[in-house]
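Colleague: Dropping a structure here in structure tokens format, bear with me for questions.
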Amino acid sequence: MNHFDLWGEPAHVDPLPILARMRSEAPIVRLFDPHQGAPEWVVTRYADVVELLRDNRFSKDKRKLPPRSREMYFRVSELDALDKHMLFADPPEHTRLRSLVAKAFTPRRMRDMQPRIAESARWLLREADETRGSGGVNLLEVFAFSLPITVLAELIGVPLEDQPRFKAWTNILAAPPDFESLRRMAVEFQEYLAEFIQRRRAEPCDDLTSALIAAEEQGDRLSAVELMSMLFLLIAAGYETTGNLIANSVWALLKHPAELARLRAEPSLLESAIEEVLRYCPPVKNTIGAYPLADTKFQGQVIPEGEKVVASLLSANHDPEQFEEPERFDITRSPNKHVAFGLGPHFCLGAPLARLEASVAVDVLVQEYPRLAFAEDPSNLRWREAVFIHGLNRLPVIW
Ligand code: HEM
């Protein structure tokens, strides 16, 4: 049993008191992660998190790790064909992959999606309205997760009828019930993507996949495996995260009715409100982790070669050394230099899309559904058991 139990019931009710204790008593601490069945170092102070995410002595590339670490942290070999992507690469390989992808993942492509995102949001809410009867609905199910998967499918060019399968696969990825399900998911997802890419090669169109196939820099292109891994990463990184940003926004605003009223009265505060949600309840609580390639002294602490180190983004965002009254939810907070999207070379590539989707979704809900409210006592709600995601188990609302 860890001295700081981030996996027990109290953490599902509210992890912040445990993280506050870690910041003050053991800001860089080695814990045992029961999900991985392996140790990991957790860094909780804002200043240390910033330092860590910019420190190139920590690698994300598992091929550079000693065999013992690979066995401990990367047990599902079926995922190997899907992990040749930038989140698991170090510079210069990372720089190469990221610049090729940036050619296709342009701000203009994101902006062009705005009207379609608003249309999808309204359509999903109308559908939910028709089927909900007189009781409440689980907003996570009927809306928050449905919107990003629709947006991603359109962005990538995946047919609508394949969306339920996408949803099932990414749910397993975010919170694997067991290794066997993860293995099965990896194989099925891989087969699907390989076949889909083949179709696009034969018949390119105006979607991101066709743009990724065509992306070229100084004669260099993405290989077939890199392309498949890239699509997998976009789906894996963009679905649960954005769904939880939408749900966490609704949860935070309903918990703070004065802030909700302020946003309704002043819709121009929308962007700043989303930034405060990203700080207050960031959908990604921990980075995926990085590994020192030799015994490494970090802020006075020696971290042995190959042991995983994660940055607690949730904790950093609540560090009183950085944020005044961090437990106060203030939609006009400024400055607000949260780390919800990470930092350094791996800063989230999809941040503009996530911000756009959440703004559109929250705007429609808040301005067009004036009776939006919790359908039950919010103290019954629990944070999900998950390795990276900070999201609720369910979000029952009425409107
Ligand atoms: C609110 C929603 C989102 C949050 C909170 C979020 C958060 C993050 C974080 C913390 C990282 C760094 C992880 C690490 O260093 O271990 C990251 C990386 C990444 N994210 Fe996001 N993300 C979100 C949405 C998206 C979306 C919508 C996409 C794309 C469709 C996306 C694509 C990526 C990619 C490709 C990376 C890897 C970047 C690199 O390695 O250079 N994310 N994200």
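The values are calculated or read from the model by the stated rules, or taken from the named source; none is laboratory data. Because the structure is a prediction, the values reported are computed rather than measured. Note that each Cβ is placed from the backbone with ideal geometry, even for glycine, and that neighbours are counted across all protein chains shown. Please note that ligands, DNA and RNA were not included when accessible areas were found on the heavy atoms of the full protein model with its side chains. Shrake-Rupley method; radii C 1.70, N 1.55, O 1.52, S 1.80 Å.
Colleague: Work out, step by step, the length gained on full extension between ALA38 and ASN56: first 0.36 nm times the residue separation, then minus their alpha carbon distance; give nm to one decimal. Walk me through the numbers on the way to the answer.
Modeller: On the way: separation 18, 0.36 × 18 = 6.48 nm, distance 2.32 nm.
My answer for the length gained is 4.2 nm.
Colleague: Round to the nearest 0.05 the FRET efficiency obtained for GLU217 and VAL302 when R0 = 45 Å and r is the Cβ-Cβ distance.
Modeller: Efficiency, rounded to the nearest 0.05: 0.70.
Colleague: By average Cβ neighbour count within 10 Å, what is the ranking of 308-314, 71-77 from highest down?
Modeller: Descending packing order for the listed peptides: 308-314, 71-77.
Colleague: Write down the Å³ per residue value for the convex hull defined by the alpha carbon atoms of region 1-96.
Modeller: Measuring per residue, one finds 134 Å³ for the Cα hull of region 1-96.
Colleague: Which whole-percent values make up P(r) of the chain when all C-alpha to C-alpha distances are grouped in 20 Å steps starting at zero?
Modeller: 27, 60, 14, 0
Colleague: Quick check on my link table: of LYS308/LYS337; LYS285/LYS337; LYS60/LYS308, which ones sit more than 20 Å apart, alpha carbon to alpha carbon?
Modeller: LYS308/LYS337
Colleague: For region 36-90, what is the accessible area per residue in Å² when the probe is 1.4 Å?
Modeller: Averaged over the residues of region 36-90, the accessible area is 45 Å².
Colleague: Given 20 °C and 1.002 mPa s, how large is the Stokes-Einstein diffusion coefficient of region 291-394 in µm²/s, with Rh as the Kirkwood radius over Cα pairs?
Modeller: Rounded, D is 122 µm²/s.
Colleague: Then there is this: Ignoring ligands, DNA and RNA, what percent of the 1.4 Å accessible area of region 9-398 is carbon and sulfur?
Modeller: 53 percent
Colleague: Kirkwood hydrodynamic radius for region 264-336: how many Å is it when counted over pairs of different Cα atoms?
Modeller: It is 14.4 Å.
Colleague: Continuing with the same structure: Mind checking the per residue accessible area of region 104-230 for me, 1.4 Å probe, whole number of Å²? Walk me through the intermediate numbers first.
Modeller: Details: 6410 Å² over 127 residues.
Computed with neighbouring chains in place, this is 50 Å² per residue.
Colleague: Give the peptides 28-37, 15-24, 282-291, 78-87 in descending order of average Cβ contacts within 10 Å, highest first.
Modeller: Result, highest mean first: 282-291, 78-87, 15-24, 28-37.
Colleague: For region 337-399, what does the accessible surface come to per residue with a 1.4 Å probe? Please give it in Å². Walk me through the intermediate numbers first.
Modeller: Values: 2520 Å² over 63 residues.
I get 40 Å² per residue for this part.
Colleague: Further question on the same structure: Among the aspartates and glutamates, which fall within straight-line cross-link reach of LYS84, defined as a Cα-Cα distance under 17 Å, with same-chain neighbours fewer than 8 residues apart omitted?
Modeller: ASP61, GLU93, GLU191, ASP220, GLU226
Colleague: So for each of 244-255, 343-354 I average, over its residues, the number of other beta carbons within 10 Å; can you give me the resulting order with the highest mean first?
Modeller: Answer by packing, highest mean first, reads 244-255, 343-354.
Colleague: Applying 1/(1 + (r/R0)^6) with R0 = 25 Å to the Cβ-Cβ distance of VAL76 and LEU293, what FRET efficiency is obtained, to the nearest 0.05?
Modeller: It comes to 0.65.
Colleague: Can you list the residues, at least 5 places off or on another chain, whose amide H is less than 5 Å from the amide H of LYS308, using H built in the peptide plane?
Modeller: Long-range HN contacts for LYS308: TRP41.
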